[in-house]
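Here is the structure we will look at, set down as structure tokens.
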Amino acid sequence: MEDKTTIIENDIFKNVVSHAKEYGFVFPSSEIYDGLQAVYDYGQNGVELKNNIKQAWWKAMTQLHENIVGIDAAIFMHPTTWKASGHVDGFNDPMIDNKDSKKRYRADVLVEEKAAEYAAKGEQTKADDLVKKLARLLESNDLKGVYDLIVEEKITCPVSGTCNWTEVRQFNLMFSTQLGSVADDASTIYLRPETAQGIFVNFLNVQKTGRMKIPFGIAQIGKAFRNEIVARQFTFRMREFEQMEMQFFVRPGDEMKYYEEWKTLRLKWHKAIGLPAEKLKYHKHEKLAHYANAAVDIEYEFPFGYKEIEGIHSRTDFDLGNHEKYSKKKLQYFDNELNKNYVPYVVETSAGADRVFLAILCNAYTEETVGDGEQQKQRTYLKLHPALAPIKAAILPIVKKDGLPEKARKIYDDLKYDLRITYEDKDTIGKRYTRHDLIGTPFCVAIDHQTLEDDTVTIRHRDTMQQERVKIEELRLKIRKQTSFKSILELC
RNA sequence: GCGGGAGUAGCUCAGUCGGUAGAGCGAUAGCCUUCCAAGCUAUAGGUCGCGGGUUCGAAUCUCGUCUCCCGCUCCA
């Protein structure tokens, strides 16, 4: 029973992926060259949808909170940034696999365990030598040396008991590149693995120039890059992805209060953009990252299971504190009420734009059987929130003659400055309705012969297929009202 | 990284015993048409993922490689 459900759900996901490609939402990157693993491009409809999601987030953050402002920091940052953040040391692990048990280990951990074994047996010198040797090899990035050491020491896999190892590979989280036209070691920099650090290094700039008073937040939307061990599930886990992050700076000791507040507010936002409450849940982290003292994920029930779409972390003063240490610049705030300086604590909300996009797309994808008996047929459409839909309305003359196209063009030209709309007169009206259902256009405006007589048109609603007749002059207000971000923001 | 499955037109897929590739939908240009993809005509689109090998001949057999999917592993 459960298997059957999984299969059906996987089919639905496959359909969503196909649909995303066929209707211009998401294409595999460099597809003509066979694609590039875990990299995807957004197509003509995808970019509109994604931009709308980002706007809904940006407005919810900056427009609705007078104490939150936005920035747009560069992707390139000073290399020391990543030492301070812990990314350089924390995520450079040498990995090794045992070919018999198929288990993967941290190579350095295997050697350290061996050393501990020696120590336990009272061979302290031997243990110390081994640890020193390992440190030297890691220092010089000598992976072959680490492998040789493991073989030399006859370290076996605890599961298979064999010494049949693969070579030692480096797991590098960050992508590196060269800054400047002359390549040398000194100019190696990283593509940022998270946007947060761009906010932290600008903490004082924003606080001072914006005269921000704690508590306050800095929001940012931007690309981030990570090498993933396994990159899978379509756009869910990509090497290049976009984050929507907000760092909220608070008085030390207040962090749990704001952590709870943002936990609630962020869930509300996901509901407001159309994700159903029953498919959203919190997932509390038991194991915390090096920088956090509390962490929770907001998960959405994708066809392939509950997965994280946003993380809310209490990051303490870890980041600002470390940047103080490494930069030797004081990153503190003078609190008038307390009459003292301190390094603020940080509550982070970090949503994946691509993940929210995928959740919205999965949720919107609807296959329905409509009609009875012989008339019964399948209908596929995207039930997108009107404010998020790539195209807000299609302007369609019911036939391509009798002056209807001209009349429709006039309406289109009049509305195009206010609304993202399209004009189409190819094919029967039914086909055109269907085409727009498939990309989630909420409204289709039909111009018929009656229009020529009394300046009224019909509006056909995507979800219900119901039509209403309205005056041309009412169109603008009516469509703008229903596709405006206000309907989302009011729920945030 | 390991194991399993797959890759043929934009999409979904056929393709027999090895004999130089098809359908449906979609697209394009028209015709017809007053409301939900279904009428008519025409057209475009594929070195069968890529590269070797076997063969007179490979979409088909074989080896390698790349990409995707499922499971394991790892993960902030």
Checked against (1) at pLDDT 95 or above; (2) in a loop (DSSP other than H, G, I, E, B), A:Val445 satisfies every condition except (2)
Only one of these conditions is not met by A:Leu388: (1) in contact with a Gly (Cβ under 9 Å, 6 or more places away or on another chain); (2) open to solvent by less than 10 Å² (accessible area, probe 1.4 Å); (3) under 19 Å from A:Gly217 (Cβ atoms). Which number is it? (3)
Output yes when any residue across the stretch A:453-466 is surrounded by fewer than 20 Cβ atoms within 10 Å (Cβ to Cβ), in a helix (DSSP H, G or I) and within 11 Å of RNA strand B (Cβ to nearest atom), and no when none is. yes
Filtered residues of the stretch A:20-46 (kept if surrounded by fewer than 15 Cβ atoms within 10 Å (Cβ to Cβ) and within 24 Å of A:Lys383 (Cβ to Cβ)): A:Glu22, A:Gln44
Only one of A:Ala351, A:Ala359, A:Ala393 is under 30 Å from A:His449 (Cα atoms) and small (Gly, Ala, Ser), namely A:Ala393
Among the residues of the stretch A:233-252, is there at least one that is part of a loop (DSSP other than H, G, I, E, B) and either away from RNA strand B (no atom under 16 Å from the Cβ) or closer than 21 Å to A:Ala60 by Cβ (or both)? yes
Could you check A:Ala115 against (1) at pLDDT below 75; (2) farther than 24 Å from A:Ile218 by Cβ and say which number it fails? (1)
Looking at (1) open to solvent by 50 Å² or more (accessible area, probe 1.4 Å); (2) near RNA strand B (Cβ under 9 Å from one of its atoms); (3) more than 16 Å from A:Thr451 (Cβ to Cβ), find the lone condition where A:Asp402 falls short. (3)
Among strands (runs of 3 or more DSSP E) completely within the stretch A:1-81, the ones holding 1 or more residues that are modelled with pLDDT of 85 or more and within 12 Å of RNA strand B (Cβ to nearest atom) are A:26-28, A:40-42
Any residue that is open to solvent by 40 Å² or more (accessible area, probe 1.4 Å) and within 13 Å of RNA strand B (Cβ to nearest atom) - is there at least one of those in the stretch A:435-449? yes
Taking the stretch A:290-323 as the search range and keeping residues that are within 23 Å of A:Lys83 (Cβ to Cβ) and open to solvent by 40 Å² or more (accessible area, probe 1.4 Å), which one is modelled with the lowest pLDDT? A:His290
Out of all the residues in the stretch A:268-290, is one or more hydrophobic (A, V, I, L, M, F, W, C) and out of contact with any helix residue (DSSP H, G or I) (no Cβ under 8 Å at 6 or more places or on another chain)? yes
Looking for something open to solvent by 20 Å² or more (accessible area, probe 1.4 Å) and in contact with a strand residue (DSSP E or B) (Cβ under 7 Å, 6 or more places away or on another chain) - is there at least one such residue anywhere in the stretch A:475-488? yes
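The values are calculated or read from the model by the stated rules, or taken from the named source; none is laboratory data. These numbers were taken from a predicted model, which means no experiment stands behind them. Note that we place each Cβ from the backbone using ideal geometry, even for glycine, and neighbour counts take in every protein chain shown. To get the accessible areas, we keep the full protein, side chains included, count just its heavy atoms, and leave off ligands, DNA and RNA. Shrake-Rupley method; radii C 1.70, N 1.55, O 1.52, S 1.80 Å.
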